[in-house]
Structures are given as C-alpha cells and as structure tokens.
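For reference, the structure is listed below as structure tokens.
The values are calculated or read from the model by the stated rules, or taken from the named source; none is laboratory data. What you see is a predicted model; the values in this text were computed from it and never measured. Every residue, glycine as well, gets a Cβ built from its backbone with ideal geometry; the counts of neighbours run over all protein chains shown.
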Amino acid sequence: MRATSFIVYGKWVVVLLTLAPGCALLLPSARDSKREAEDKERSTCPLGKGPEYPVELLDGRSVVTVKPLYSMVRSARTGPEYRLSGATIQLRPFPAFSSESLESLLNCHNARSELARPGEPIVPNDPYWVAEQDVRVSVRSESGGLRAEVRASDLETAKEVLRRATVFATP
C-alpha cells in the first residue's frame with residue numbers, strides 16, 4: 001500500500017512540474033517603462049517632430065489649485081476605502097487648446113521626459129512625470145477652467161506626484 005501511494009504521489013509531482021512552467025505565462029511580465037514611453041510617444045506626440053507646448057503649460061503660474069486625488073478601493077474586511085492615487089491640478093484656461101489637446105500634450109511630455117528626448121523641457125518638480133514610474137494624465141474642462149488628474153499606480157509615486165504638484169504650483 002505504501003509503495004502504491006508513493007507511485008501515485010510521484011505521478012502527481014511529475015504532472016505538476018510539467019505544468020508549472022506554463023503557469024508562468026499567466027503572470028504579468030515585468031514593466032518596461034522605456035517601451036511604455038515609446039508607445040505613449042507614438043500615440044500622443046506629433047509625427048516626426050517635438051511638440052510645441054504653450055509657454056504657460058509647464059509653468060507653475062498656470063496652476064490655480066492642487067488637491068489630493070483619491071480612488072475608492074473595495075476591501076472585503078472594511079468595505080470601500082479611499083486611497084491617495086495622485087493629484088488634481090486645476091489649471092487656468094488655454095484659449096487655443098481643448099482639454100483633449102492639452103491631455104495629449106501632457107502625455108507626450110510625460111513620454112518624451114521618460115525617454116530623455118533632446119529639446120524636451122526639464123521642469124523642476126514636474127508633476128506630470130516621475131522617472132521610471134507609471135503616471136497617467138487626463139484633462140477635463142471644468143467650470144471655465146481645466147482639471148488635470150495625474151494618477152500614479154502605487155502609493156509612493158502618488159505621494160511624489162502630490163508633493164511635486166504642490167511645489168510646482170507654489171510661486
């Protein structure tokens with residue numbers, strides 16, 4: 001009886017070891033910030049040349065207010081809770097630009113900064129880009145102005161985005 005159970009367990013071990021490498025395909029691959037930035041650059045930047053940013057866009061004086069951005073996370077134990085996910089930056093209006101075009105410009109700036117493209121403005125305390133981190137920017141029209149939401153994928157980056165936005169907006 002004991003030899004039979006050893007053989008049965010041995011077969012299961014062989015089956016599991018055979019299947020285990022295939023399970024690795026189901027795991028997400030390691031994040032490649034440069035490749036993601038190249039994809040973002042292709043989809044948001046003008047073709048074949050660097051973008052022409054409005055002078056005020058990357059100037060802290062264009063910011064009206066900065067507030068923390070929270071996302072609701074569902075938790076089985078405590079129910080819904082709110083977690084810091086970045087910063088909401090209220091911007092002055094840019095008459096010649098729609099919210100969609102400003103969103104595209106800020107995401108282009110994010111990608112080109114990550115790729116260290118020549119000619120890309122270097123902005124001290126840049127709230128729209130954190131090196132080698134996943135930062136997403138969306139812009140909406142709101143009450144005659146513009147609201148940029150800068151979201152990070154983790155808490156530490158979210159704290160850094162909020163810190164940078166606050167310092168960026170301080171004259």
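For residues that are at pLDDT below 95 and touching a strand residue (DSSP E or B) at 6+ places or on another chain (Cβ under 8 Å), scanning just the range 78-90, find the one that is nearest to VAL167 (Cα to Cα).
ARG83
Determine whether the range 75-82 contains at least one residue that is surrounded by fewer than 19 Cβ atoms within 10 Å (Cβ to Cβ), part of a strand (DSSP E or B), assigned by TED's automatic domain parsing to the domain that holds ARG61 and within 20 Å of the chain's Cα centre (by Cα).
There is at least one residue in the range 75-82 that is surrounded by fewer than 19 Cβ atoms within 10 Å (Cβ to Cβ), part of a strand (DSSP E or B), assigned by TED's automatic domain parsing to the domain that holds ARG61 and within 20 Å of the chain's Cα centre (by Cα).
For the range 149-171, give me each residue that is touching an Asp or Glu at 6+ places or on another chain (Cβ under 8 Å) and of a type in the set (A, V, I, L, M, F, W, C).
ALA152, PHE168
Counting just the residues of the range 95-120 that are closer than 16 Å to VAL63 by Cα and touching a strand residue (DSSP E or B) at 6+ places or on another chain (Cβ under 7 Å), which one comes out surrounded by the most Cβ atoms within 10 Å (Cβ to Cβ)?
Taking the candidates together, the pick is LEU106.
Pairs please, first residue from the range 66-78 and of a type in the set (A, V, I, L, M, F, W, C), second anywhere and not in a strand (DSSP E or B), Cβ atoms under 6 Å, 6+ apart in sequence or on different chains.
Cβ pairs passing all conditions: VAL66/ALA165; VAL66/THR166; VAL66/ALA169.
Kindly check whether there is at least one residue in the range 45-64 that is assigned to a strand (DSSP E or B), of a type outside the set (D, E, K, R) and more than 18 Å from the chain's Cα centre (by Cα).
yes
Would you point out the residue of the range 134-156, among those that are buried (at least 18 other Cβ atoms within 10 Å of the Cβ) and in contact (Cβ under 8 Å) with a residue 60 or more places away in the chain, that is farthest from GLU100 (Cα to Cα)?
The extreme case among them is ALA152.
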